[in-house]
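The next block holds one structure in the form of C-alpha cells; read it before the comments.
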Amino acid sequence: MEPLYRKSLERIVSQKALKMGNSFSCQICVVGFLCGVCLTSLFLAALTSFGSFEFGGISFSAISMGASPQNSSSEIINKVNSTNCNFKPKETERLVGLQSSKEMTDDESISLLYSAWSATLNEASDYLKDLRLREDSVPKAPHLENCQLRAQVNQHLDKRFENENFPPWAGWKGLLATHPAAPTYEQLRHFRHQAISEGAYPPWILGSDEENYPLTRKVQYDIWIHQHPMNCKDPNIRFLVADWERLPGFGIGAQIAGMSGLLSIAINEKRVLVTNYYNRADHDGCKGLSRSSWSCYFFPETSQECRDRAFELLGSEEAWKRGIITAKENYSSKEIWAGRTPRTWGLPWSYLQPTTEVNGSLITHHRRMDQRWWRAQAVRYLMRFQTEYMCGLLNVARHAIFGKEAAKLVLKSLNQEWPKEFMNAPTSDMERYVWSSHKPWMPRPLLSMHVRMGDKACEMKVVEFEEYMHLAQRIRKHFPHLNSVWLSTEMQEVIDKSKNYSGWKFYYTNVTRQVGNTTMASYEASLGRETGTNNPLVNFLMAAEADFFIGALGSTWCFLIDGMRNTGGKAMAGYVSVNKDRFW
C-alpha cells in the first residue's frame, strides 16, 4: 500500500504537473520535498511530552477550556504507584537528547522539570540519572510536601510532652521548635502553662474564632484531652469499641457520620472511643498494622496505650458486665444517627453565623443546626492529621494535575538557564524553620464543586451541571480572577459537559466514572476497594482546601465537606448550595 502522504500529494498535484516531473531536476526537487515532509512528521511526533500516572489506583487529569491543555496524556511515566515505578526508556532518550541540544524550548524545559519531579517524588533516582540530572540541580517543587517529615512533626504534636497535660501546641509552628535558639525546656514549660490558662488551641485549627464555627478551638482541645487520658489503665477509664459501618449501601460519608454519632455517645457517657475494623482500608495500599484501620489515612482517634487496653478488655466478661466497655451493638440506630449532641459546651450551634446560601438567601436557622455543628467538630477531629500515605496520595494528585503549571512558574522565576546553569543554594534558616509550615502550592483562587447525581435522585431532587456553573458564574462576578475548578463527581456526563465551558479550567481525578443510574455501591465496587477509597478522600481534602465551594445540601458528603471547611478557617468563604427544595 502506498504511503498516505503520497496519496495526498497526488490529490493536490495535477496530471500536467506530474508529467513535468519526469525531468531529472524536478525529480530531485520532489524527492527533497518528500524527505522534508517525512523529517518534519517525525520531529513533530517526537515533541509529545506530557505525562499521566497512577497512584493507589487513581490517575489524574486536568482540562483547560479556551486554552491549550496543561496536562494531557504523557509518555514520561507509564505508571507510578506506591510500590514501583515504570518509566519508558524512549522518553528518557528524548529528554536526554533535548538536553544535549544547544537550546531547549520553554515547553521542553517544563516537561523535563516535571519529569525530574516525578522521579524525585517516586524515589526513582536511576531515572533522574538517566535524565543527566543531579538532585541538587532540580529546583524545589512548590506543590509537593515532604510527607515523611510532615508525619514526624504531626506525631510530635499528637503526643504529650513528657509528663505535661497536653502536647506542645503552645510552641512555635513548623520546625521552629528545633531551632538552636529555641527556648529552654524550663522557659517553654512556663510559657505552655501560661498559654493553657489563656486558651491554647490545637495546631490543626486554622484561622481566627470568627473564621470557624463557634468554640472550635476549645472543642478540638477538649476532644483530644478526652480521647487521650493520662493513664489508660486507670480503672475509672471506660471505653466504647466500634467497627466502622460496613453495610454495602453505606458510603464513606455515611461511615463518617455514623462514627461521629458514636463519638458523641462516648463523650456523653465519658468513654474513650476506640475504632476497630475499617473495611475501606482493607487493601494492599495500607501496610502493616494500618491495614483495615482508619490510621492508614489519618492519625488514630486515641493513643496506642488506650487501644491496647480497650482490646484487652474485650476479652473480659467482668468488664462487659460492669459496663467498663461497650460496643456499637449496645446502642440503637437512632442513638447513633440522631442521638443527643454533647451539651458539654452549651449550645454553640444556636449562634452559628449564616454563611450558607440556598436559592439566593442565607440560612439563619434549620432543624439540624446542632447536628451540623457537631459533625463538623467530629470530622475535623477524626481527620486532624494525615498519615504519610494520605499525604503521598495528595502529593501525586497535585503533581499530576498542577505539576506542569508549577514547573512553568518555577522556571519563569529562575534568572539562569535550567538545567545547564542552575544549582540549588544551601537551604537557609528561613526555608528550614519558618517556611516549613506553609502549605503546598495550588492554583488560587480555586472553586470546588461536588456534583452528586446518579442514584441520589431517590433521596433528593438532583440538579444538572448547568445550575452548578450558573452559580460559579455568579461567584466569578464578585471575584473576576476566578477560573479554576476542582470538580468531583461520579458521573461521566458531568465531565463531558465541563468541556463546553470556555474560560474555565477544570481539574479532576481520572478514574472510570459511571454512565447511567447504577447504584453508588455498584459503582464503587467496579473501581475496587483501593481506588474506591483513595479517590474520594483525595477529592474531599482538596475540596476542604479550595477557596470556594458549591454543593448540594441533600448530600451527606457535601454536608461533611462543609463541616471540614467551617472548622478549617473557611467559614467566611461561604457555601453555595444548588438545592432549592430542602436544607438537610
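The values are calculated or read from the model by the stated rules, or taken from the named source; none is laboratory data. Keep in mind that this is a model prediction, so the values were computed, not measured. Cβ sites come from the backbone with ideal geometry, for glycine too, and all protein chains shown count toward neighbours. Ligands, DNA and RNA are excluded from the accessible area calculation, which covers all protein heavy atoms including side chains. Shrake-Rupley method; radii C 1.70, N 1.55, O 1.52, S 1.80 Å.
Values computed for the structure shown
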| item | result |
| --- | --- |
| Expected-Rg normalisation [2.2 N^0.38 Å, Cα atoms] applied to segment 291-413 | 1.58 |
| Segments 487-495, 333-341, 372-380 sorted - mean Cβ within 10 Å per residue, highest first | 372-380, 487-495, 333-341 |
| Using θ = phi - 60° and Karplus 6.51 cos²θ - 1.76 cosθ + 1.60, couplings along segment 355-372 (whole Hz; Gly, Pro as x) | 10, 10, 10, 10, 6, x, 10, 7, 7, 9, 7, 7, 6, 10, 5, 5, 5, 5 |
| Inverse of mean 1/r across different Cα pairs in segment 198-356, Kirkwood, Å | 17.2 |
| Nonlocal amide H pairs with PHE239, under 5 Å, H built at 1.01 Å | VAL272, ILE325, THR326 |
| Extension reserve of the TRP320-GLN353 stretch, reckoned as 0.36 nm per residue once the Cα distance is removed | 7.6 nm |
| Probe 1.4 Å, protein heavy atoms only - accessible area per residue of segment 292-372 in square angstrom | 55 |
| Rg/Rh ratio calculated on Cα atoms of segment 259-308 (Kirkwood radius) | 1.02 |
| Packing rank of 244-251, 117-124, 561-568, where each peptide gets the mean count of other beta carbons within 10 Å, highest leading | 561-568, 117-124, 244-251 |
| Cα centroid separation - segment 222-299 against segment 375-416, whole Å | 26 |
| Segment 523-584 shape via C-alpha gyration tensor axes, a/c threshold 1.5 | oblate |
| Cα-based Rg of segment 113-160 normalised by 2.2 N^0.38 Å, two decimals | 1.46 |
| Greater than 21 Å apart at Cα, pairs in LYS140/LYS412; LYS173/LYS404; LYS129/LYS420; LYS408/LYS505; LYS408/LYS439; LYS233/LYS270 | LYS173/LYS404 |
| Label-to-label distance, nm, for residues given as ARG444 and GLU335 (7 Å Cα→Cβ offset) | 4.6 |
| Ordering of 271-279, 531-539, 162-170, 409-417 by packing [mean C-beta count within 10 Å, highest first] | 531-539, 271-279, 162-170, 409-417 |
| Heavy atoms of LYS173: accessible area, 1.4 Å probe, square angstrom to 10 | 140 |
| Linear extension gain, TRP345 paired with ASP107, 0.36 nm per residue minus alpha-carbon span | 80.1 nm |
| Heavy-atom SASA rank of HIS450, HIS365 (probe 1.4 Å, accessible area, largest first) | HIS365, HIS450 |
